[in-house]
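Participant: The structure that follows is given in the form of structure tokens.
The values are calculated or read from the model by the stated rules, or taken from the named source; none is laboratory data. Note that the coordinates shown come from a computational prediction; the quantities given were computed from them, not determined experimentally. We place every Cβ from the backbone using ideal geometry, glycine too, and count neighbours over all the protein chains shown. These accessible areas exclude ligands, DNA and RNA; they are computed on the full protein's heavy atoms, side chains included. Shrake-Rupley method; radii C 1.70, N 1.55, O 1.52, S 1.80 Å.
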Amino acid sequence: MTTALHDPDDTALATTLGHAGLIPFALLAALLWLVNADLLPWVSMALAAYAALIVSFLGGIHWGIGWMAGHVAAARGDTPHHRQRNHFLWGFVPSLLAWPGLLMPAFAGLAWLGFVLVLCYLVDRTLYARAGLQAWLTLRFRLSAIAALCCFIGAGAL
């Protein structure tokens, strides 16, 4: 049964787009092993920048979850739950954690960003479940594991 909160077409689209978002990770991590040394700084910066953008996006999702929780509670006539605040509080942290990864030397920054991707998933395991979004955790695990692995592989090339 399709509901407004779970549309199989939207789930398929999100899954497809999520997997497509791994293409830059895989391509850039592979390129770090294949390109001439002159291009390593450019490719490593591209991978680090993309990883930092994705980490920031993962934090931004929590702002959306927090806003939706507030709207749903208001529509029911309930007071927004304290859990809503957890999404807003966590939502800005990934961007702050990603930023140093862009300032570090590439080998360290890519390793740091891989760690931050893993950390984001671990936090999401708790916060998504509390928000009733645990169905997304399988996809989040796959995407985060591959993205983090690409960052670690890229760091290993340097």
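Participant: Residue under question is Trp42, and the condition is that it be without any contact (Cβ under 8 Å) to a residue 24 or more places away in the chain, in a helix (DSSP H, G or I) and open to solvent by less than 80 Å² (accessible area, probe 1.4 Å); does it hold?
Facilitator: no
Participant: So, one more: Would a scan of the range 99-122 turn up a residue that is open to solvent by 80 Å² or more (accessible area, probe 1.4 Å) and more than 19 Å from Tyr50 (Cβ to Cβ)?
Facilitator: Yes.
Participant: Search the range 70-92 for residues being open to solvent by less than 40 Å² (accessible area, probe 1.4 Å) and among the hydrophobic types (A, V, I, L, M, F, W, C), and hand back the single one that is modelled with the lowest pLDDT.
Facilitator: Result: Ala73.
Participant: Would you be able to tell me the number of residues in the range 9-39 that are touching a Ser or Thr at 6+ places or on another chain (Cβ under 8 Å) and not in a helix (DSSP H, G or I)?
Facilitator: Looking only at that region, the number is 0.
Participant: Can you tell me which residues in the range 123-156 are closer than 20 Å to Ala37 by Cα and either surrounded by fewer than 21 Cβ atoms within 10 Å (Cβ to Cβ) or polar (S, T, N, Q) (or both)?
Facilitator: Phe152, Ile153, Gly156 - these are the residues of the range 123-156 that are closer than 20 Å to Ala37 by Cα and either surrounded by fewer than 21 Cβ atoms within 10 Å (Cβ to Cβ) or polar (S, T, N, Q) (or both).
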